[in-house]
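The values are calculated or read from the model by the stated rules, or taken from the named source; none is laboratory data. None of the values given here were measured: they were computed from a predicted structure. Neighbour counts are summed over all protein chains in view; Cβ atoms, including those assigned to glycine, are modelled from backbone coordinates with ideal geometry. Heavy atoms of the whole protein, side chains included, go into the accessibility calculation; ligands, DNA and RNA do not. Shrake-Rupley method; radii C 1.70, N 1.55, O 1.52, S 1.80 Å.
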Amino acid sequence: MNNKKPLNIESPCIRQCCLDENDVCIGCFRTLDEILKWNSLSDNEKQVIMNTCIERKQKKESR
């Protein structure tokens, strides 16, 4: 029996919604496509996006 509960990863939205020239939100670092699909994604898919957002943020801050 699997007792693992879903993570129910919440949206990383911080209400600073504005897309840059690459259609990436400057607040949460998700692409427009990722934002639109968020509620239909699995926890695993959301976690992948969260990891990608961290990478995007770090890349932007290192410029």
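The residues in the range 24-63 that are under 13 Å from residue 13 (Cα atoms) and either in contact with an Asp or Glu (Cβ under 9 Å, 6 or more places away or on another chain) or open to solvent by less than 70 Å² (accessible area, probe 1.4 Å) (or both) can be counted, and the count is 16.
Please determine whether any residue of the range 21-34 is in a helix (DSSP H, G or I), touching a residue at least 24 places away in the same chain (Cβ under 8 Å) and not aliphatic (A, V, I, L, M). Break it down stepwise before answering.
Our first condition is that a residue be in a helix (DSSP H, G or I); within the range 21-34, this holds for 32-34.
Right, trim to touching a residue at least 24 places away in the same chain (Cβ under 8 Å) and you get none.
Checking the range 21-34: not a single residue is in a helix (DSSP H, G or I), touching a residue at least 24 places away in the same chain (Cβ under 8 Å) and not aliphatic (A, V, I, L, M).
Among residues of the range 35-60 that are modelled with pLDDT of 95 or more, those with a Cβ under 6 angstrom from a residue that is in a helix (DSSP H, G or I), sequence gap 6+ or separate chain, pair up as 49/34. If you take the residues of the range 1-15 that are at pLDDT 90 or above and open to solvent by 90 Å² or more (accessible area, probe 1.4 Å), which of them is farthest from the chain's Cα centre (by Cα)? The qualifying residue farthest from the chain's Cα centre (by Cα) is 15.
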